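Peer 1: Provided herewith is a single structure, encoded as structure tokens, for subsequent inquiry.
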Amino acid sequence: MLAITTPSFGAPEVLTIAEVETPRPMPGEVLVRVRATALNRADLLQRRGLYPPPKGATDILGLEMAGEVAEVGEGVGGVANGDRVMALLPGGGYAQYVPVPAGMLMKLPDSMTFAQGAAIPEAFLTAYLNLFPIGRLSPGETVLVHAGASGVGTSAIQLIRLAGARSIVTAGSESKIERCLALGAEAGWNYHDGSFRSFVEEQTAGEGVNVIFDFIGAPYFADNLASLAVDGRLIIIGTMGGTQVEDINLGMLLSRRLEVIGTALRSRSLATKIELTAAFQTFAGDALARGEIAPVIDSVFDWKDVQEAHRYMESNKNVGKIVLAVD
């Protein structure tokens, strides 16, 4: 098969389409013919040598995909060749074929394209995990979503709305904020205008938000803590802005019973991911099928243009997911 490989670490120019051995499904797995995959920030880090795949996982990039079942492994029932599916992956999505544990498969709704399916697993499962099992979001609570126009951000806004809660966002342009509002966010703050603390105070009548989704890390840490309500939960999903924080007032954590939670999806066990996939489908599967929620796709690149797609993601201009069509 053909796959996008990284013979060395570095800039997007290291990405190369090459012929590699086609994998075979192990017992309990299916082999999927990939029709589309999607970019994630982890792909950029792995390409640069900064985020190695989990032990035992392929070094081919790609954390999600949509396609058609090509071969059913031993012991797998309820799945047939030709079924349209999508799935979260530990890697391997930038290829024509990928083996997937049967429990990780999600049916691709008939109303959705492969490009839409490829844009769902990583973003929506990350958002679901951090909003509900970790964030314990309840109806009526308020969530501050940083990077609201990102793939995870746009997914989180929709799941928050579906859960009967409220979201406010930060983003880097007025046009990005408008897209977030159209998805269900109630208000937005352009981070180029400075600190978001006064914005949060105004939007919550001084009470603060219950949950914060943070992809930025160190530069936002102090303002995040100050923006939380009593019993608030700060969920750190990424550290795009830096990792080192100084001069933290731990008394604030104690007096307001705040929680600071670091989280990652890729490194979790297969059993946990299968359980998460099932829980997400129970919560949101019907809404996806009805079109009540849907992935936000910024652009679709031919996978031969993967270098251009990576450069585009690094420009931070996208709203929603960047997808690669795989031929």
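Taken together, the values in this text are just the output of simple stated rules run on the coordinates, not laboratory data. Not measured: the values here are computed from a predicted model. Positions of Cβ are generated from backbone atoms using ideal geometry, with glycine treated the same way; all protein chains shown enter the neighbour counts.
Peer 1: Sequence-distant or interchain residues sharing an amide H contact under 5 Å with L324, placed H: which?
Peer 2: It is T37, A38, L39, F301, by chain and number.
Peer 1: Another question, then. Given that just one value was derived from the coordinates, which of (1) 19.7, 59; (2) 17.7, 53; (3) 23.4, 85 is Rg and Dmax of the Cα atoms in Å?
Peer 2: So the calculated entry is the one marked (1).
Peer 1: Could you size up the charge dipole of the chain around its Cα centre, putting +1 on the beta carbon of Lys and Arg and -1 on that of Asp and Glu, and report it in debye to the nearest 20? Show your work: numbers first, answer last.
Peer 2: Values: 26 positive and 36 negative charges, 69 e Å.
Here the size comes out at about 340 debye.
Peer 1: Of all the stretches in the chain, which is the longest one without any exposed loop site, taking GluC sites (Glu not before Pro) in a DSSP loop (any state but H, G, I, E, B) with at most 13 other Cβ atoms within 10 Å? Mind showing how you got there, number by number?
Peer 2: Details: sites that count: E21, E74, E246, E292.
That gives 75-245 as the longest site-free run.
Peer 1: I've got another one for you. Fully extended, how many nm does the chain gain between Q281 and E186 (0.36 nm per residue separation, minus their Cα-Cα distance)? All intermediate terms of the calculation are to be shown ahead of the outcome.
Peer 2: Numbers: separation 95, 0.36 × 95 = 34.20 nm, distance 2.58 nm.
Between Q281 and E186, full extension yields 31.6 nm more.
Peer 1: On to the next question. Just from its helices, what would the mean residue ellipticity at 222 nm be for the chain, if runs of 4 or more DSSP H residues each count -39500 (n - 2.57) and the sum is divided by every residue, rounded to the nearest 500 deg cm²/dmol? Mind showing how you got there, number by number?
Peer 2: Numbers: 10 runs with 92 residues, N = 327.
Dividing the helical sum by the residues of the chain leaves -8000 deg cm²/dmol.
Peer 1: Calculate the spin-label point distance for V230 paired with L45, positioning each point 7 Å from the Cα along the beta-carbon direction, and give it in nanometres.
Peer 2: About 3.6 nm separates the two model spin labels.
Peer 1: Right, here's the next one. HN-Hα J couplings of segment 315-322 from phi, Karplus 6.51/-1.76/1.60, θ = phi - 60°, integer Hz, Gly and Pro as x?
Peer 2: After applying 6.51 cos²θ - 1.76 cosθ + 1.60, I find 6, 6, 8, 6, 10, x, 8, 9 Hz.
Peer 1: Would you be so kind as to identify which of P7, I293, G77 lies farthest towards the positive end of the dipole of the chain, taking Lys and Arg as +1 and Asp and Glu as -1 on Cβ and the Cα centre as origin?
Peer 2: It is G77, whose Cα lies furthest towards the positive end.
Peer 1: Also, I was wondering about something else. Checking the a/c ratio against 1.5 first, then a/b against b/c, what shape does the Cα gyration tensor give for segment 124-262? It would help to have the intermediate numbers written out before the result.
Peer 2: Working: a/c = 1.40, a/b = 1.22, b/c = 1.14.
In terms of gyration-tensor shape, rounded.
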